[in-house]
1. Measure off 7 Å from each Cα along the Cα-to-Cβ vector at H72 and M19, then give the distance between these two points in nanometres to one decimal.
2. Suppose R0 equals 30 Å. What FRET efficiency, 1/(1 + (r/R0)^6) with r the Cβ-Cβ distance, do E40 and Y83 give to the nearest 0.05?
3. Please report, as a whole percent, how much of the solvent-accessible surface of the range 60-108 comes from carbon and sulfur atoms (probe radius 1.4 Å).
4. In nm, give the distance between the simple-model label positions of L130 and I96, each being 7 Å from the Cα along the Cα-to-Cβ direction.
Amino acid sequence: MSFERPKRKSKITASRKLMLKSLMLAKAKECWEQEHEEREAEKVRYLAERIPTLQTRGLSLSALQDLCRELHAKVEVVDEERYDIEAKCLHNTREIKDLKLKVLDLRGKFKRPPLRRVRVSADAMLRALLGSKHKVSMDLRANLKSVKKEDTEKERPVEVGDWRKNVEAMSGMEGRKKMFDAAKSPTSQ
């Protein structure tokens, strides 16, 4: 006997859900706009604090040159700070990447890159290992066992006969039975 749970009907009607959803979206939009305005005000305040207004009226040529030198010195300081911050960010991103790789390695989900097969001869491998000073040649074929062709031909005597007799003998079920018996005991001939 199986008990089925009756499906619950939502306590909120569809129109009420739609109204609540629209109210939530309106509130989220209002919060986002307020946050955006606060960011803009903070930016304006920060720039007003960091960059004073320049008064260039009534300054002589030497005073203008001094002002330009001061501004260039400030720009150099800011560029140095920016460069230092970029170097720190780059270092941190490298460190984060290395740590992510270590985490993946510890989890056992490290994916190996696909490796290519490289054909290297034994001489080239020895040259790479020992350097170009050592000229060692290794003939691997000299150590192989030699096989004479005459021996292999003596082992398998080839019977040449009339092929028509063979076809007639192997046709039908009797031929298949002979093949099965031959495969079962190859030394019975």
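The values are calculated or read from the model by the stated rules, or taken from the named source; none is laboratory data. The model shown is predicted, which means the values in this text are computed figures rather than measured ones. We place every Cβ from the backbone using ideal geometry, glycine too, and count neighbours over all the protein chains shown. Calculation scope for accessible area: heavy atoms of the full protein, side chains included, ligands and nucleic acids excluded. Shrake-Rupley method; radii C 1.70, N 1.55, O 1.52, S 1.80 Å.
1. 7.0
2. It comes to 0.60.
3. Here carbon and sulfur together make up 61 percent of the probe-accessible area.
4. Going by the 7 Å Cα→Cβ label model, 5.1 nm.
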